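Engineer: Sharing a structure, written as structure tokens. Questions coming.
The values are calculated or read from the model by the stated rules, or taken from the named source; none is laboratory data. The structure presented is a predicted model; accordingly, all values stated were derived computationally and were not measured. Cβ sites come from the backbone with ideal geometry, for glycine too, and all protein chains shown count toward neighbours.
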Amino acid sequence: MNKIIKSILAKMENKGYEAYVVGGYVRDLLVGISSYDIDICTNATPKELMMIFPNASSKNLGGIDFKIKEYHVEITTYREEIKYKNRKPVEFNYINNLVVDLQRRDFTINALCMNSKGEIIDLIGGIDDLSNLKVKMIGDAEEKVKEDPLRILRGIRIATTLNFNLDKNLYKAMEQNKDLVRTLSNTRIKEELDKILLSKNVKKGLNLLDDLGIIHILGISGWENIVPVKNIEGMYAQIKMNYDLPFTKVEKDNITSLRRIIGMGSIDKFTVYNYGLYLSLVAGEILNIDKKTINKIYKDLPIHDKKEINIKASDIASILNIDYSEKIGIILKDIETLIVSGKLRNKTNDMIKYIKEHKSEWLT
């Protein structure tokens, strides 16, 4: 068992409390996936937890969290949720019963526990579902989905990333309540969709969204021939989506640029120069163009930015004996294109000669 996790559990047990790692970390451990998000459940109250871990941050829903090395740790008190509003439990009681705490969780494979000895504790039947590659809801699937509609997307995401199947009752509940996805925040939708799109089983996830009728709710189209790449901008660039997801300006610009490159269907020196190496490599992977080819194009470029051109606007104005105007910009763009194409060397004298030879064309 990981020494860091063991030491955290031991600290709590030494104070007389129960403590178990629960959820995704245990699930991923059993299927051979590395995880750095550690959820721990305990019968210690938040106040008692802060006494054990005084440098931790307090959480709104009864618990604490902190980082230790590469791990993000969340510790929550056993609780029984009584009432939900907008996905959030607005009424709950702290309890001293692990089984009742596990019953409030979503899927059986997310309710597996591990103690400080590294022993797996299965009180909900999660091991059987893990063995059968099944995502199954704890309790009544329809009730749990209505309680928190995010469980629809989360269930699809888990089935996608683990290459599992949805339990038939869960599938039915998702299908019948698919419109509840509209009540989710765009941020939550994007978080789950990001993980689906970055999974090597992305096509399975998109097919599930399609089969359940959710893909139309999200306004996703053009996904049928998607090429899996480990770049979220590259994945979004391959689909059309009517949902307004919370992308940053940089992400939006990159997605737009990638769509343009993909639409061209090929990558040449002008593509690499205009869009840069990073976007060219992402698009190249989607277009099945060897990255060595793209890297060589980039390396062989005579310039990588117009700032590298060895002549200035003031030089051109002086040579042509004209004031600054749009013509200067047109001339610079012409020179930039010729340099990138290899038809003009990035030498000041060569460019001065070129400008003088074509002076009549620009001054007419």
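Engineer: Please state which of the following conditions THR183 fails to meet, knowing it meets all the rest: (1) out of contact with any Pro (no Cβ under 7 Å at 6 or more places or on another chain); (2) under 30 Å from ASP244 (Cα atoms).
Structural biologist: (1)
Engineer: Residues in segment 57-67: is at least one under 21 Å from the mean Cα position of the chain (by Cα) and within 23 Å of ASN97 (Cβ to Cβ)?
Structural biologist: No: segment 57-67 contains no residue that is under 21 Å from the mean Cα position of the chain (by Cα) and within 23 Å of ASN97 (Cβ to Cβ).
Engineer: Given the options GLU175, GLU192, name the one that is buried (at least 19 other Cβ atoms within 10 Å of the Cβ) and among the acidic types (Asp, Glu). Outline the logic, then answer.
Structural biologist: Numbers: GLU175 fails: buried (at least 19 other Cβ atoms within 10 Å of the Cβ).
None of the other options fit; the residue is GLU192.
Engineer: Right, another one. So, in segment 339-364, how many residues would count as being modelled with pLDDT of 95 or more, part of a loop (DSSP other than H, G, I, E, B) and out of contact with any Pro (no Cβ under 8 Å at 6 or more places or on another chain)?
Structural biologist: Number of matching residues: 3.
Engineer: Right, something else. For segment 35-64, give me each residue that is modelled with pLDDT under 95 and in contact with a Lys or Arg (Cβ under 7 Å, 6 or more places away or on another chain).
Structural biologist: GLY62
Engineer: Quick check on this structure: which one of ILE158, ILE82, ILE127 is among the β-branched types (Val, Ile, Thr), more than 29 Å from the chain's Cα centre (by Cα) and on the phi < 0 side of the Ramachandran plot?
Structural biologist: On the way: ILE158 fails: more than 29 Å from the chain's Cα centre (by Cα); ILE127 fails: more than 29 Å from the chain's Cα centre (by Cα).
Unique residue meeting the criteria: ILE82.
Engineer: When you scan segment 143-157, do you find a residue that is exposed (fewer than 14 other Cβ atoms within 10 Å of the Cβ) and basic (Lys, Arg), even just one? Show your work before the answer.
Structural biologist: Let us first name the residues in segment 143-157 that are exposed (fewer than 14 other Cβ atoms within 10 Å of the Cβ), namely 143.
From what is left, the residues that are basic (Lys, Arg) are none.
No; the residues of segment 143-157 include none that is exposed (fewer than 14 other Cβ atoms within 10 Å of the Cβ) and basic (Lys, Arg).
Engineer: Can you tell me which residue within segment 289-303, out of those that are within 26 Å of the chain's Cα centre (by Cα) and hydrophobic (A, V, I, L, M, F, W, C), is surrounded by the most Cβ atoms within 10 Å (Cβ to Cβ)?
Structural biologist: That would be ILE294.
Engineer: Mind checking which pairs have a first residue in segment 283-297 that is without any contact (Cβ under 8 Å) to a residue 24 or more places away in the chain and a second that is surrounded by fewer than 16 Cβ atoms within 10 Å (Cβ to Cβ) and of a type in the set (A, V, I, L, M, F, W, C), Cβ under 7 Å, 6 or more apart or different chains?
Structural biologist: Going by the 7 Å Cβ cut-off, there are no qualifying pairs.
Engineer: Further question: Of all residues in segment 281-324, which are at positive phi and assigned by TED's automatic domain parsing to the domain that holds ILE262?
Structural biologist: Residues of segment 281-324 at positive phi: 288, 321.
Residue satisfying the conditions is ASN288 alone.
Engineer: Can you list the helices (runs of 4 or more DSSP H) found entirely within segment 185-300 that contain at least 2 residues being closer than 30 Å to ARG151 by Cβ?
Structural biologist: On the way: elements: 186-197, 202-211, 214-217, 232-236, 249-264, 269-286, 291-300.
Those helices (runs of 4 or more DSSP H) span 186-197, 202-211, 214-217, 232-236, 249-264.
Engineer: Restricting the search to segment 320-333, which residues are farther than 16 Å from ASN349 by Cα and part of a helix (DSSP H, G or I)?
Structural biologist: GLU326, LYS327, ILE328, GLY329, ILE330, LYS333
Engineer: Quick check on my filter: what residues within segment 334-354 are in contact (Cβ under 8 Å) with a residue 12 or more places away in the chain and among the acidic types (Asp, Glu)?
Structural biologist: The answer is GLU336, and nothing else.
Engineer: Among the residues of segment 301-319, write down those that are among the polar types (S, T, N, Q) and either assigned to a loop (DSSP other than H, G, I, E, B) or within 23 Å of THR271 (Cα to Cα) (or both).
Structural biologist: Of segment 301-319, the ones among the polar types (S, T, N, Q) are 310, 314, 318.
Residue satisfying the conditions is ASN310 alone.
Engineer: Show the residue pairs meeting these rules: Cβ distance below 7 Å; 6+ apart or different chains; first residue within segment 191-203 and closer than 15 Å to ARG154 by Cβ and among the β-branched types (Val, Ile, Thr); second residue at pLDDT 95 or above and surrounded by 17 or more Cβ atoms within 10 Å (Cβ to Cβ).
Structural biologist: ILE196/ILE156; ILE196/ARG157; ILE196/THR160; ILE196/VAL202; ILE196/GLY205
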